[in-house]
Amino acid sequence: MSHMFESHLGEMAALATAVCWTITAVTFETAGKKVGSISVNLIRLIFAFTLISIYNLFSRGMILPIDASSSAWLWLTFSGIIGFVIGDLFLFQAFVVVGSRISMLIMSTVPPITAITGFIIMGERITPLGLAGMLITIVGIGIVILTKNPDDKKVRLSHPIKGLVYAFIGALGQAFGLVFSKFGMGSYDPFAATQIRIIAAIIGFSIVITISRNWGKVFVAFKDMRAMKYISIGSLFGPFVGVSLSLLAVQHASTGIVSTITSITPILLIPVSIIIFKEKVIPKEIFGAIITLLGISLLFI
């Protein structure tokens, strides 16, 4: 049994990551509806920064990533701003507008976007099967977000376009953030790399909140005990445990397999949405989510 566990450590870590993302999506959706997505974003980063600093102190003997090269700082800062600030700013707003389930389904476009970006920036190749996988992924998402009106036979969006666009910008941010962090991290410690991204993101969000004059909302959020409970659970399973497990997974299995396994989050969110948010999920949406997953898995055969 232990041998099987060791040989599949990457896959196990990826599966655990998908569970973490599910918990995070639900807790942040709940908190975002209570105190607004900007507050949730900043507070979760502060929590995550505290947790990862303590972890790094014990595992590396330094509380801050002072041993990182200047190029690592540059690329990881860039990655933190694109992935955490821009990507999550829109993703968390999408959670509030269309809910975490639909948002996470649109986030399934991250593997294809990452593959294309990796191809353009780092010359990583894409196989014909991979291209087929991308098309199938997009078809699966289309099945969920498009509905046909029986009266006038026009195809329309079944969810607010604003929320869908936000989720897609979130996916772009995540994909570019991933490529830049891989580029910047090299062989550097993944936890310390995550810490640099979080530092960049905290500064980035502080600027956003100052410009949009939202500090008042953030202080109000700190006083909302229920919201803080959700944010702290989400921070533990998201930026700290989730991100760390995904990095562990990538070290022990191919990025492709890891991306595919962690992409089952939209499917894990279906029962959760029905039980917790009392959402009505129609068979077509479940079918679409499964097709999306098939498409993603083709990317990495």
Inter-part gap, Cα centre of region 236-294 to Cα centre of region 4-35, in whole angstrom, is 7 Å
Among the DSSP H helices of the chain, those whose Cα atoms extend at least 24 Å along the helix axis and whose mean Kyte-Doolittle hydropathy is 0.5 or higher are 9-35, 37-60, 128-145, 161-185, 190-211
In the neighbourhood of M185 defined by beta carbon distances under 14 Å, the net charge of the other residues (Lys, Arg +1; Asp, Glu -1) is 0
Report relative contact order for region 41-128 in percent, whole number only (criteria: Cα-Cα under 8 Å, sequence separation at least 6). 16 percent
With N residues in region 183-248, what two-decimal value do you get for its Cα radius of gyration over 2.2 N^0.38 Å? 1.36
Computed helical MRE - 222 nm, the chain, DSSP H runs ≥ 4 contributing -39500 (n - 2.57), nearest 500: -25000 deg cm²/dmol
Counting sequence-distant residues (5 or more places) and residues on other chains, those with an amide H built under 5 Å from that of L146 are S158
If I model a spin label as a point 7 Å beyond the Cα along the Cα-Cβ vector, how far apart are those points for I126 and K280 in nm? 3.8 nm
For region 1-93: rounded, prolate or oblate by the Cα gyration tensor [a/c cutoff 1.5]: oblate
Please calculate how many Å² of accessible area the chain carries per residue, with a 1.4 Å probe and no DNA, RNA or ligand atoms counted. 47 Å²
Please go through the residue pairs K34/K284; K34/K217; K33/K278; K33/K223; K34/K223; K33/K162 and name each one whose alpha carbons sit more than 20 Å apart in this structure. K34/K284
Evaluated at q = 0.29, 0.30, 0.33 Å⁻¹: base-10 log I(q)/I(0), Debye formula over Cα of region 108-147: -0.95, -0.99, -1.08
Relative pair counts by distance (%), Cα atoms of region 47-194, 10 Å bins: 11, 30, 30, 19, 7, 2, 0
Got a number for carbon plus sulfur as a percent of the chain's accessible area, 1.4 Å probe? 74 percent
Pair R226, I290: separation of 7 Å Cα→Cβ label points (nm): 3.6 nm
Please give the net charge around V218, taking every other residue with its beta carbon less than 14 angstrom from that of V218, where Lys and Arg add +1 and Asp and Glu add -1. +4
Can you pull the Kirkwood radius for region 70-132, inverse mean 1/r over Cα pairs, to one decimal in Å? 13.6 Å
From largest accessible area down, sort L172, L164; use a 1.4 Å probe on the protein chains. L172, L164
If eta is 1.002 mPa s and T is 20 °C, what Stokes-Einstein diffusion coefficient results for region 208-295, Kirkwood Rh from Cα pairs, in µm²/s? 132 µm²/s
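The values are calculated or read from the model by the stated rules, or taken from the named source; none is laboratory data. Keep in mind that what you see is a predicted model, and the values were worked out from it rather than measured. Here Cβ is always computed from backbone atoms with ideal geometry, including for glycine, and neighbour counts include all displayed protein chains. The area values use the complete protein model at the heavy-atom level, side chains included, leaving out ligands, DNA and RNA. Shrake-Rupley method; radii C 1.70, N 1.55, O 1.52, S 1.80 Å.
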